[in-house]
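Down below is the structure, laid out as structure tokens.
Every number here is computed from the coordinates shown, using simple stated rules; none is lab data. Note that the structure is a prediction, hence the values are computed from the model and not measured. Because the Cβ atoms are built from the backbone with ideal geometry, glycine has one as well, and the counts that use them run over all protein chains shown.
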Amino acid sequence: MHRRDKDNHRGKPKEPQHLYFDYAASTPIDPAVEAAMRPYFRFRFGNPGSLHRFGQEAIAAVDGAREAISASIGARFRELIFTGSATEANNIVLRGIVRAWKRKYERTPKLLVSAIEHESILETAEDLVKDGVEVIRIPVNKEGIVDLAALEKLLDEDISLVSIMYGNNETGAIEPVQKIGELIRKARAAYASLYPLFHSDASQAFQFLDCNVERLGVDCMTFSGHKIYGPKGVGALFVRENTPIDPVLTGGGQEFSLRSGTENVPLIAGLGKAVGLILESRSREAERIRVLTRLLWKGIGQLCPGSKVNGPSIGSKESLPHILNVYFPGKNAQELLTHLDLLGLAVSAGSACSSRAAEPSYVIRAMGFSEARARSSIRLSLGKYIKKSDVDRALRVITIVLRSVTK
């Protein structure tokens, strides 16, 4: 390269530094996680099912990750299976448990799901209606918390599964999973039955909350790699020993015959590393992010006095520390998103798992609010690379945008 070319290259304007406030949608991969994955792409590339040296290296990585993750949630080694995503894990639970029920009983199985579940639960449940399953949605209150009294009344001997998420991906509402587990165990005792079974999606919760499966009383629990600074394309599923569940994917019998298919070794190794890093700083990081989220909400409240939080009070024990869902009266959420992005601030209007659809949040509607409120609400979610200076910059961008966007 000639000196002039070098000088031109050096003088090239830098791209503006964008602010990412959408950690609930996906997190950037941690460099240590990337490093842990790298050897399994090129050098330790063997099939975990092979008996030779290359296969032994691969299965050692899978077993190491399984051991670390199962220990982190108080589970046994064989109770943890790897999947291609949290969505796949949720499908395995709902479809597999319904299939096992149908082999045992002639009665119509019922599924109880909260009205604010992730689409991978709600859409899968609705798909199972075609197979004769009755789906009942459990209502939530204005803060997005499940109505325990309503749930208890619905627990009868035909309930095959109750699925209620641990932390909501749009509002950050933390569900009373331990209390729900107690209600379900009480119902089992009353009917002298293994049912109802209890599943919880902890994709958003794991990085901040204790997910000990014994304490929570769950039979199945879902986890996601890319929500905890791990890779996309990998998830994990806890299935308690002796839980009646049939495989959805059949083939070579991998993952204890519950999820056939060659294990994705690099991604599984990355997930195991990501879990280890979370455990090192979980409580400290939760408090740091909680402080920043409070500052962000305080600033927004000053900029827009009529704004309101969708979900539990920010910083309360019922709210995940990293999610702030805000209603801006008189503002159109899609226009807010566009203008914020143009000025370098990435946020969202809800779940990122709806094929980029611009529909108003069904979660906010299920909480009893109007469609107009849902269409005027945005979600900001923070993560470990956010600093106070980033919050200050975000507030400056929001100030500019609020002045320009109307209904």
What nm distance separates the two modelled labels at E241 and Q178, each placed 7 Å from Cα along Cα→Cβ?
2.4
Just report the Cα centroid separation between region 372-405 and region 142-217, whole Å.
32
I need the calculated FRET efficiency for the pair L279 and E126, taking r as the beta carbon distance and R₀ as 35 Å, to the nearest 0.05.
0.45
How far apart, in nanometres, would the label points at H18 and R103 be if each is projected 7 angstrom from Cα along the Cα-to-Cβ direction?
4.7
State whether region 83-131 is rounded, prolate or oblate according to the following rule on the C-alpha gyration tensor (a ≥ b ≥ c being the square roots of its eigenvalues): a/c under 1.5 gives rounded; otherwise a/b larger than b/c gives prolate, and the remaining case gives oblate.
oblate
When all Cα-Cα pair distances of region 282-404 are considered, the percent exceeding 27 Å is 13
Rounded to the nearest 0.05, what FRET efficiency do E134 and A372 give with R0 = 30 Å and r taken as the Cβ-Cβ distance? Could you check?
0.40
Please go through the residue pairs K153/K298; K179/K227; K308/K388; K308/K384; K227/K388; K142/K384 and name each one whose alpha carbons sit more than 31 Å apart in this structure.
K153/K298
Fully extended, how many nm does the chain gain between K186 and A149 (0.36 nm per residue separation, minus their Cα-Cα distance)?
12.0 nm
Select from G251, G272, G217 the residue whose mean-square fluctuation is largest in a Gaussian network model of the chain (Cα-Cα springs shorter than 10 Å).
G251
Quick check: pseudo-label points 7 Å beyond the Cα along Cα→Cβ at S26 and R396, how many nm apart are they?
2.9
Among F238, F328, which comes first, then next, by fewest other beta-carbon atoms within 10 Å?
F328, F238
Post the alpha-carbon centroid distance, region 285-331 to region 221-267, in whole angstrom.
34
Inter-part gap, Cα centre of region 46-89 to Cα centre of region 93-113, in whole angstrom, is 27
